[in-house]
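All of the numbers you see were taken from the coordinates with simple rules; none came from a lab. Quantities reported herein were computed from a predicted structural model and do not represent experimental measurements. All Cβ positions, glycine included, derive from the backbone under ideal geometry; neighbour counts span all protein chains shown.
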Amino acid sequence: MYNSRFHFLKGPFSLGVLAKICGGRVYDKHDPSLLIHGIGSLDSAKSGEITFIAIKKTSHKLFNTLASACIMEDYDPKIVPKSIACIISSDPHASYAKIAQKFHPQIPSNPEVSGNADISNSCKIGKKVKIESFTVISDGVVLKDFVEISSGVHIGPNVTVGARTKIFSGVSIECADIGDDVVIYSGVRIGQSGFGFAPTNKGHIKIPQVGQVVIGDNVEIGANCCIDRGSTNNTVIGDGSFLDNLVHVAHNVQIGKHCAIAGQVGIAGSAVIEDFCMFGGQVGIGGHVHIGKAVQAAGQTGITRNVKSGKRIAGTPAVSLTQYHRQAVKLKHLARGINEKSKD
């Protein structure tokens, strides 16, 4: 169920049109002309809306849902009520996302520059750029076409912001090059000085952080993330990577393409993370660690050494997910045995 106070709804669309949008197909015995008026979860969908099943163990909920249509991998008459039409898709979750974008497109903004913004005369501003009140844009900044900047943003000298990038309120950016189609949510800090110092017996000596941040295309950076600039090299976030709220990326970190990093993850200096990695909430990654492609780390995993590509890990220090489950079972049995002995 969407809230009309905050969100825009488009439609309706026929089942056949939605199947084409997501690259799926309407199940043979169902009517492709059926009109669908919106989207919803299995629990919240109403009559006239479409939902999806990504995990087969949730399929029993189909008998309680009010949805008129469902996206799923395979049609099974034993689990699908006759009242529900189906779109068959190899990836129901991704198909649902594409259909959701069709029903809830982004509302076009009115490109204008507020007279209350403080903009240096040396800036280069592209066409149809939106800049709201109380934003400060420093010398030498380049804003490419269709950039949108909300109120209270500070952009430091010589920063480049790519086309169609959206920067929400209260963001500060310095020493950075931002790619195209990036979304930066409120409160983000990009390009601040990294945590670099030399400890001595008389105190710590600050090491100047003279690198920058490079953010690729189609990146999303959640609210209140902090991304430090490099000390001498660059801190890099690759194309298509998504950072949840409250993620900290330290100096010189290299994050590859299409990574997904959940909230409260901390990545220490000079760690290298290759493409398509996924980290659950509160994962901690040590400095100078190298993590291979497509590694998946469960929430609160502590990664203190290199991880080979394709591994699924959990625990602190991190071990394979299989070993983590075995350890948990053995610990449970050990605790049970100690309790039984204490009763004796």
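What residue among Thr322, His333, Ala85 has its Cα farthest toward the positive end of the dipole of the chain, where the charges are +1 on Lys, Arg and -1 on Asp, Glu, each on the Cβ?
His333
Taking amide H positions as placed in the peptide plane 1.01 Å from N, state which residues far from Gly38 in sequence (5 or more) or on other chains have amide H under 5 Å from it.
Counting only residues 5 or more places away or on other chains, the set is Ile50.
Report the convex hull volume per residue for the chain, counting only C-alpha atoms, in Å³.
Working: hull volume 69.5 nm³, N = 344.
Spread over its residues, the Cα hull of the chain gives 202 Å³ apiece.
Could you go through region 262-272 in sequence order and give the Karplus-derived ³J(HN,Hα) for each residue, using 6.51 cos²θ - 1.76 cosθ + 1.60 with θ = phi - 60°, rounded to whole Hz, and x for Gly and Pro?
Here the 3J(HN,Hα) series is 7, x, 6, 6, x, 10, 6, x, 6, 5, 10 Hz.
When the helix-only estimate is applied to the chain (DSSP H runs of n ≥ 4, each -39,500 (n - 2.57), divided by the residue count), what is the mean residue ellipticity at 222 nm, nearest 500 deg cm²/dmol? Don't jump to the answer; show the numbers that get you there.
Numbers: 3 runs with 43 residues, N = 344.
When only DSSP H runs of four or more count, the value is -4000 deg cm²/dmol.
Mind scanning Lys29/Lys82; Lys127/Lys257; Lys10/Lys57; Lys10/Lys46 and naming the pairs with a C-alpha gap bigger than 20 Å?
Table pairs above 20 Å Cα-Cα are Lys127/Lys257; Lys10/Lys57.
Which aspartates and glutamates does Lys330 reach when only Cα atoms under 18 Å apart count, and residues fewer than 8 places away in its own chain are ignored?
Partners found: Glu340.
What list of ³J(HN,Hα) values in whole Hz, one per residue of region 165-173 in order, does the Karplus curve 6.51 cos²θ - 1.76 cosθ + 1.60 (θ = phi - 60°) give from phi, with Gly and Pro shown as x?
The phi angles translate into 6, 10, 10, 7, 5, x, 8, 10, 9 Hz.
Calculate the length of the line joining the C-alpha centroid of region 54-82 to that of region 188-228, in whole Å.
48
Residues with amide H under 5 Å of Arg312's amide H, sequence separation 5 or more or different chain, H placed in the peptide plane at 1.01 Å from N; which?
Amide H neighbours of Arg312: Gln296, Leu321.
Roughly how many Å is it from the Cα centre of region 115-161 to that of region 280-341, as a whole number?
Going from one Cα centre to the other spans 44 Å.
For region 110-140, state which trypsin sites (Lys or Arg not before Pro) are in a DSSP loop and have at most 10 other beta carbons lying within 10 Å of their beta carbon. Show your work: numbers first, answer last.
Details: sites: Lys124, Lys127, Lys128, Lys130; in loops: Lys127, Lys128.
Those satisfying the criteria are Lys127.
Could you estimate the translational diffusion coefficient of region 155-244 from the Stokes-Einstein equation, with Rh from the Kirkwood formula over C-alpha pairs, at 4 °C and 1.567 mPa s, in whole µm²/s? Write down the numbers at each step before the final one.
Details: Rh = 13.4 Å.
This corresponds to a translational diffusion coefficient of 96 µm²/s.
Only bridges whose two residues both fall in region 171-321 count here: according to DSSP, what percent of them are antiparallel, nearest 5? Each step should come with its number before you reach the end.
Numbers: 6 of 44 bridges.
In region 171-321, approximately 15 percent of DSSP beta bridges are antiparallel ones.
Counting only DSSP beta bridges with both residues in the chain, what percent are antiparallel, rounded to the nearest 5?
On the way: 10 of 76 bridges.
Close to 15 percent.
With +1 on the Cβ of every Lys and Arg and -1 on the Cβ of every Asp and Glu, and nothing else charged, how large is the dipole of the chain about its Cα centre, in debye rounded to the nearest 20? It would help to have the intermediate numbers written out before the result.
Numbers: 36 positive and 27 negative charges, 240 e Å.
In total the dipole reaches around 1160 debye.
Counting Lys +1, Arg +1, Asp -1, Glu -1, what net charge surrounds Val17 among other residues with beta carbon under 14 Å of its beta carbon?
On the way: positive: Lys10, Lys20, Arg25, Lys98, Lys102; negative: Asp31.
Local net charge: +4.
When DSSP beta bridges are limited to those with both residues in region 246-344, what percentage is antiparallel, rounded to the nearest 5?
10
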